[in-house]
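Peer 1: So that we are looking at the same thing, I have put the structure below in structure tokens.
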Amino acid sequence: MSSLTPSFQWLDTPDALDAACEQVADAKVIALDTEFFRENTFFPVPALVQFTAGEEAYLIDPVAVPCTDKFRALLQNTAIKLLHACSEDLEVFQHWAGVLPEPLIDTQVVQGFLSETPGMGYQKLVEFWVGETLPKEETRSNWLLRPLTPAQCHYAALDVIYLLKVWKLQAEKLAMLGRREWVDAECASLIELAGRSVDNDQQWYTRQRQLWRLAPRQMEAYRLMTTWREGETRRRNLPRNWLISDKLLFAIAEKMPSNRYELAEVDDVKPMLIKKEGDALLAMVKQAQHCDESALPKRWPDPMHTTFKSRFKALKKAVTAKANDLGVAPEMLMRRRDIETLVMQDLAGESLTLPSGWRGDYLNAALVQALEERSS
């Protein structure tokens, strides 16, 4: 257990929040964290927002106080905003504050560029860098209950206070290895992706691992339905599966029903779904059936096919070799999905979407060579 008993202030009025913002207005680094609830909504329900610039933590009660202009300004001033594994935190800030914290440094991303364990959790990260064991008991506690217990407040305060300590040590090693620019670019892309939710809706269908089983018209139907589902769950503030799951949308795309009777024959399609959403789903299937052939997505190759597997294996081997040279995890250089995209482009005879920036400098010659050797 950490010997540190953290100092913190509880902020539940706009004036208290603004006064705290003034306390850290000149800081060069501000650590942030959130606690939220997400079981019956699309958007996370903010339960606590923590920040610090030193040894005193500030705990905002977002149940009681709306975000103020001063806190929005703080989130976007020139100070580094420090978070760990930030994807859901960014959703909280986007929804509660209406802005994203930037410039951003994610300590989990940093760790990926400093070691071969990129997905390190926060407690392990603190043990690794600072040698302290933080309490874990409150991780799954109910953060929406009021008042919060002293144990919850201590846990929440320590989360941001130790984030600063970890970053101080990480930053020294980053500078020694000359990789700070890599981290800045990667974290900037996290902010860019978080701000492009509607564009991301259009690409949701590519997450489906069985996409190769669909013909182009089926794939277009699946793309249209997943894009619609993402927009609707956001508009209605519902969890995805409460409206309709990926698995069910995929089954509908496979069957391509033309009427309610055929839709009802799809496994697991319930009468209530047909009543509420049947017309919308059938309209998208019909749209895919009548889509001009030139506008259809290209068929995805079977990842189990020998040609695909050999090219994928060659590219993965090239990425792994470069990652070993750098002492980082291979996925920090190139994700599996991006390797698969390159293989598909190569098999289709299309121009390759090779990595850009520092990744391209390290990887592209080896990637091209690996594909050429497999093609010859």
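Peer 1: Taking R235 as the residue in question, decide whether it is closer than 27 Å to R336 by Cβ, among the charged types (D, E, K, R) and assigned to a helix (DSSP H, G or I).
Peer 2: no
Peer 1: Just give me the residues in the stretch 197-230 being exposed (fewer than 14 other Cβ atoms within 10 Å of the Cβ) and at pLDDT below 95, in sequence order.
Peer 2: Selection gives S197, V198, D199, N200, Q203, R207, R209, Q210.
Peer 1: Looking for something surrounded by 12 or more Cβ atoms within 10 Å (Cβ to Cβ), at positive phi and in contact with a Lys or Arg (Cβ under 8 Å, 6 or more places away or on another chain) - is there at least one such residue anywhere in the stretch 245-264?
Peer 2: Yes, the conditions are met somewhere in the stretch 245-264.
Peer 1: Now, a different point. Could you run through the stretch 64-78 and say how many residues are in contact with a Lys or Arg (Cβ under 9 Å, 6 or more places away or on another chain) and over 17 Å from D15 (Cβ atoms)?
Peer 2: Here the count works out to 2.
Peer 1: While we're looking at this one, here's another question. Looking at L158 and the list (1) farther than 26 Å from Q108 by Cβ; (2) surrounded by 14 or more Cβ atoms within 10 Å (Cβ to Cβ), which single condition is not satisfied?
Peer 2: (1)
Peer 1: Kindly check whether there is at least one residue in the stretch 30-53 that is loosely packed, with under 15 Cβ neighbours inside 10 Å, part of a strand (DSSP E or B), in contact (Cβ under 8 Å) with a residue 60 or more places away in the chain and within 26 Å of the chain's Cα centre (by Cα).
Peer 2: Yes; the residues of the stretch 30-53 include at least one that is loosely packed, with under 15 Cβ neighbours inside 10 Å, part of a strand (DSSP E or B), in contact (Cβ under 8 Å) with a residue 60 or more places away in the chain and within 26 Å of the chain's Cα centre (by Cα).
Peer 1: A further question on this structure: Filter the stretch 302-312 down to the residues that are under 12 Å from V343 (Cβ atoms), more than 26 Å from the chain's Cα centre (by Cα) and not polar (S, T, N, Q) and list them by number.
Peer 2: D302, H305, F308, K309, R311
Peer 1: Looking only at the stretch 253-270, how many residues end up being touching a Gly at 6+ places or on another chain (Cβ under 9 Å) and outside any loop (DSSP other than H, G, I, E, B)?
Peer 2: Counting residues in the stretch 253-270 that are touching a Gly at 6+ places or on another chain (Cβ under 9 Å) and outside any loop (DSSP other than H, G, I, E, B) gives 3.
Peer 1: Another one. Given A288, A323, A348, A283, which one is more than 14 Å from R374 (Cβ to Cβ) and within 28 Å of the chain's Cα centre (by Cα)?
Peer 2: Among A288, A323, A348, A283, only A323 is more than 14 Å from R374 (Cβ to Cβ) and within 28 Å of the chain's Cα centre (by Cα).
Peer 1: Quick one: count up the residues across the stretch 199-225 that are of a type in the set (A, V, I, L, M) and more than 11 Å from Q287 (Cα to Cα).
Peer 2: Of the residues in the stretch 199-225, 4 are of a type in the set (A, V, I, L, M) and more than 11 Å from Q287 (Cα to Cα).
Peer 1: Still on this structure, please answer the following. In the set E181, E172, E186, which member is within 24 Å of the chain's Cα centre (by Cα) and exposed (fewer than 13 other Cβ atoms within 10 Å of the Cβ)?
Peer 2: Every option except E181 fails the conditions.
Peer 1: Please state which one of F51, F42 is touching a Leu at 6+ places or on another chain (Cβ under 8 Å) and over 24 Å from P239 (Cα atoms). Let's see the steps before the verdict.
Peer 2: On the way: F42 fails: over 24 Å from P239 (Cα atoms).
Just a single option satisfies the conditions, and that option is F51.
The values are calculated or read from the model by the stated rules, or taken from the named source; none is laboratory data. Since we're looking at a predicted model, the values are computed, not measured. Counting neighbours? That spans all protein chains shown, and the Cβs are built from the backbone with ideal geometry, glycine included.
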